[in-house]
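In what follows, a single structure is set out as structure tokens and then discussed.
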Amino acid sequence: MSHHMKIKDLREKSKDDLLKKLTEYKKELSQLRVVQQTGGAEARLGRIRPIRKSIARILTVLNQNERRNLKKFYSDGKMRSKMPKVLRTKLTHRRRLALKDNEKNRKTLHQLRQAHKYPKRVYAVRI
């Protein structure tokens, strides 16, 4: 049985197939662990690492699919504000702490009074 499956092939499979494959690999891994403890054949022990890697690949694909589906669920208008932080797009520290547009455009009371007191002059130019 080939233990190395490509991620591309795993992404095409359904969730049920992936879970079935995962249980198979976990069962085989536990059998190999028993063989390892009893001091079994060295040839079989070399298969532990590839099986562990395959389990990791399957779990990675399952987690990516789950995250993609959750992002899709939260992306519509009503749920957008309730999206968990772990699903939001990552920003740099600078972008996270940057002022929002409404914060940038806020004016102090003094600035508002001055703007009202001295409005911007508009000149009409004849051609």
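What follows is calculated from the coordinates using simple rules that are stated; it is not laboratory data. Because the structure is a prediction, the values reported are computed rather than measured. When we count neighbours, we look across all protein chains shown, and the Cβ atoms used for this are built from the backbone with ideal geometry, even at glycine.
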When THR23, THR38 are arranged by how many other beta-carbons sit within 10 Å of their Cβ, fewest first, they go THR38, THR23
For region 12-64, the Kirkwood Rh over every pair of distinct alpha carbons, in Å, works out to 11.8
Among SER81, VAL35, LEU112, the residue whose Cα sits farthest towards the positive end of the charge dipole of the chain, when +1 is placed on the Cβ of each Lys and Arg and -1 on the Cβ of each Asp and Glu, is LEU112
Any lysines whose Cα falls less than 17 Å from that of LYS82, other than same-chain ones fewer than 8 residues away, would be LYS71, LYS72, LYS90
Listed residues LEU99, LEU32, LEU19; largest mean-square fluctuation, Gaussian network over the chain with Cα springs below 10 Å, found at LEU99
Computed, not fitted: 222 nm per-residue ellipticity of the chain from DSSP H runs ≥ 4 (each -39500 (n - 2.57)), nearest 500, equal to -19500 deg cm²/dmol
The relative contact order of region 1-93, taking Cα pairs under 8 Å that sit 6 or more residues apart, comes to a percentage of 31
Computed over region 19-124, the Cα gyration tensor eigenvalues, each multiplied by 5 and square-rooted, give semi-axes in Å (largest first) of 63, 16, 10
Extension length gain for GLU103 and ASN65 (0.36 nm per residue less Cα distance), in nm, is 10.0 nm
Taking Cα atoms, the helix 48-74 axis meets the longest principal axis of the chain at an angle in degrees (rounded to 10) of 30
